[in-house]
Amino acid sequence: MENPLFVKWNERNNTGIALIDEQHRGIVSIINTFYYLMIHGKSNQMLYACISDTLKNYSRIHFITEEAFLEESGYKDIEAHKKLHRHLSLEIEHVEYQGIRSNDPRPLLDFLKKWWIEHINEEDQVYAKHLCAYLQYEI
């Protein structure tokens, strides 16, 4: 039985920064795992453990990594980008809480897909050229 991925990675998602792109793919993989568990009828407790224990911690590691790159490179809009990261963390908590209360994990899954893909393809692309130049990467 074929299980389509909920979020499919494509070249448009790449920033050109190898470690950042690898971490982004990891986050997408966690979202796809959440989807797999959901469509296979796993308990909501298992689903939320996937989010709480895995995605939130991995996201924190990713945000620390990304912010360190931006700080080191002297990125002028670092505070605004940090604010986006804090906002995501709070939103995940809020949407997760609502999902637990309603016993419906789908809104959290939809939120994660929308937010992460938009963040990667819009917000992270804003700093990508700056960071690639600093790291002397070619885009």
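Miscellaneous remarks
- Shown here: Rg/Rh (Cα atoms, Kirkwood Rh), derived from the displayed model; of the candidates (1) 0.92; (2) 0.96; (3) 1.00, it corresponds to (3).
- Helical segments meeting 24 Å axial Cα length and Kyte-Doolittle -0.5 threshold in the chain (DSSP H): 18-39
- In this rough spin-label picture, where each label sits 7 Å from Cα along the Cβ direction, the Leu5-Ala18 distance is 2.0 nm.
- Computed from label points 7 Å out along Cα-Cβ, the spacing between Tyr36 and Lys56 is 2.3 nm.
- Stretch gain in nm, segment Met46-Arg106, where the contour uses 0.36 nm per residue and the Cα spacing is subtracted: 20.2 nm
- Number of Lys pairs (Cα under 19 Å; 8 or more positions apart or on different chains) in the chain: 10
- Neighbour net charge for Ala49 - beta-carbon separation under 14 angstrom, K R +1, D E -1: 0
- A Cβ-based charge dipole, computed about the Cα centre of the stretch 16-135 with Lys and Arg at +1 and Asp and Glu at -1, lands at about 340 debye.
- Per-residue [θ]222 nm for the chain (sum of -39500 (n - 2.57) over DSSP H runs n ≥ 4, rounded to 500): -23000 deg cm²/dmol
- Each part gets one Cα centre, and for the stretch 27-54 versus the stretch 108-122 those centres are 16 Å apart.
Read-outs: derived from the displayed coordinates by stated rules, not from any lab. Quantities reported herein were computed from a predicted structural model and do not represent experimental measurements. So basically every Cβ, Gly included, is an ideal-geometry build from the backbone, and we count neighbours across all protein chains shown.
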